Ligand code: NHO
């Protein structure tokens, strides 16, 4: 196969981005051909690149980025820069930016492939979804987003395989949020006990499970985005993550907090309310789940109670569990389970996608 170098542009170097860069460094050592040339890397404030597409040293990229005096290119300029690269180019979008997500159709049209854990593009308007996949089909550039649902777990690839091999998916349900899983497993464990709600929320943030703003997890929007993506892959043209019922765990009084930090400070005043929800479950335990019923086209997200023996009640840590009910699998669903949040496992899905794209372009 041709051994032309492949040019990689990384946008975003936070929790996931840093883990990705370290996996990319190891990958480049394990698989020297084709050469993966990191030619651009940026955060929202800083960037490194050179006009001659010189490969940025992977060992020291993060430190060099912190020390750089260059600012990021505007997205259209980045696309122009990558279009002129002397080889195929891939953008790895490790941000949660809406602007970057909206540039995917233009990137794909220009033949630049996309690999990303960013949910915004695939769970935004249905038009953006269509524009992305039409642009990819026209140009042959690839777009992979495994980590947009269930971190590195094979959720999207499994669903695509089910659909493409002609199985009929009837229902998808489970725990889709690493943050919510962690929170309820530690706040309302099977057998009783558990920590204070607001303390557990702070822990989830410190462990890197939450979205950059933890309110995006607690208001159910992160799960709603994931269900939007899966529903669309299963053939339902869901209009947006706000077009179906989603239960929010943000107290009304804190909806107007101007920052995630202010929200975290004030949250402990509402611990008692969560204690009441826990107590009202009686012998069962309360968990935050999502479901897609394909036949009735209904999608919903919120709290439900489960018997202690149910697999959802028995989850550990920040694990996700996703059950696919299909015609072929009958009454025993195909189940994917494991760590659903955190930098390393999310980056694993991104790196694996990169490997798939490199093999196809
Ligand atoms: P950070 O740590 O805030 O890093 C974001 C980086 O992007 C920063 O370097 C920032 O400077 C840069 N950035 C932002 N806007 C930019 C712009 N316009 N131009 C250039 N740079 C820009 O966020 P994370 O945690 O590293 O997350 C990165 C992406 O991965 C997000 O889209 C997030 O949704 C996605 N993601 C993260 C996780 C996770 O565990 N952290 C998961 C999946 C996807 O499976 C995980 C998950 O769903 C977590 C979820 N909260 C859950 O289930 O609980």
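Helix 271-280 versus the longest principal axis of the chain: what is the Cα-based angle in degrees, 0 to 90, to the nearest 10?
It is inclined by approximately 60 degrees.
How many angstrom separate the Cα center of the stretch 62-103 from the Cα center of the stretch 176-246?
Computed from Cα coordinates, the inter-centre distance equals 29 Å.
Below 8 Å between Cα atoms, with a sequence gap of 6+, how large is the relative contact order for the chain in percent?
After rounding, I find 20 percent.
Helix 221-233 versus the longest principal axis of the chain: what is the Cα-based angle in degrees, 0 to 90, to the nearest 10?
70 degrees
Let me see the P(r) profile for the stretch 203-361: every Cα-Cα distance counted, bins of 5 Å, each bin given as a percent of all pairs.
Once binned at 5 Å, the Cα pair distances of the stretch 203-361 give 1, 7, 13, 17, 20, 19, 12, 6, 3, 1, 0, 0.
Which semi-axes, in whole Å and largest first, does the equivalent ellipsoid of the chain have when worked out from the alpha carbon gyration tensor as the square roots of 5 times its eigenvalues?
The equivalent ellipsoid of the chain has semi-axes of 36, 24, 18 Å.
May I ask you to derive the FRET efficiency for residue 328 and residue 303 from their Cβ-Cβ distance with R0 = 35 Å, giving the value to the nearest 0.05?
0.65
Assuming 0.36 nm per residue, please report the length gained on full extension of the stretch residue 277 to residue 164 beyond their Cα-Cα distance.
Once the chain is fully extended between residue 277 and residue 164, it gains 36.5 nm.
Rank-order 250-256, 290-296 by packing density, defined as the average count of other C-beta atoms within 10 Å over each peptide's residues, highest first.
290-296, 250-256
Among 207-217, 128-138, what's the highest-first ranking by average C-beta atoms within 10 angstrom per residue?
Highest to lowest by the protection proxy: 207-217, 128-138.
Show me, bin by bin at 10 Å from 0, the whole-percent P(r) of the stretch 88-247 based on Cα pairs.
Whole-percent P(r) values from 0 Å outward: 10, 36, 34, 16, 4, 1.
Helix 126-139 sits at what angle to the longest principal axis of the chain, using alpha carbons and giving 0 to 90 degrees rounded to 10?
30 degrees
Defining a contact as two alpha carbons under 8 Å apart and six or more residues distant in sequence, what relative contact order in percent does the stretch 61-148 show?
The value is 27 percent.
Could you work out the percent of alpha carbon pairs in the stretch 1-158 separated by over 22 Å, rounded to a whole number?
39 percent
Which value results when the Cα radius of gyration for the stretch 224-314 is divided by 2.2 N^0.38 Å?
1.31
Please report, to two decimal places, log10 I(q)/I(0) for the stretch 120-167 at q = 0.18, 0.19, 0.25 Å⁻¹ as given by the Debye formula with identical point scatterers on the Cα atoms and no solvent.
The Cα Debye sum returns log10 ratios of -0.68, -0.76, -1.09.
Based on the alpha carbons, how large is the Rg to Rh ratio for the stretch 106-185 when Rh follows Kirkwood?
Reported Rg/Rh (Cα atoms, Kirkwood Rh): 1.02.
7 Å from Cα along Cα→Cβ at both residue 138 and residue 109: what's the point-to-point distance in nm?
0.6 nm
At a 10 angstrom cut-off on C-beta neighbours, averaged per residue, how do the peptides 315-321, 347-353, 280-286 rank from highest to lowest?
So the order, starting with the most tightly packed, is 347-353, 315-321, 280-286.
No value in this document is a laboratory result; all are computed from the given coordinates. This one's a predicted model, so the numbers in the text were calculated from it and none came from an experiment. Here the Cβ is made from the backbone with ideal geometry for all residues, glycine too, and neighbour counts use every protein chain on show.
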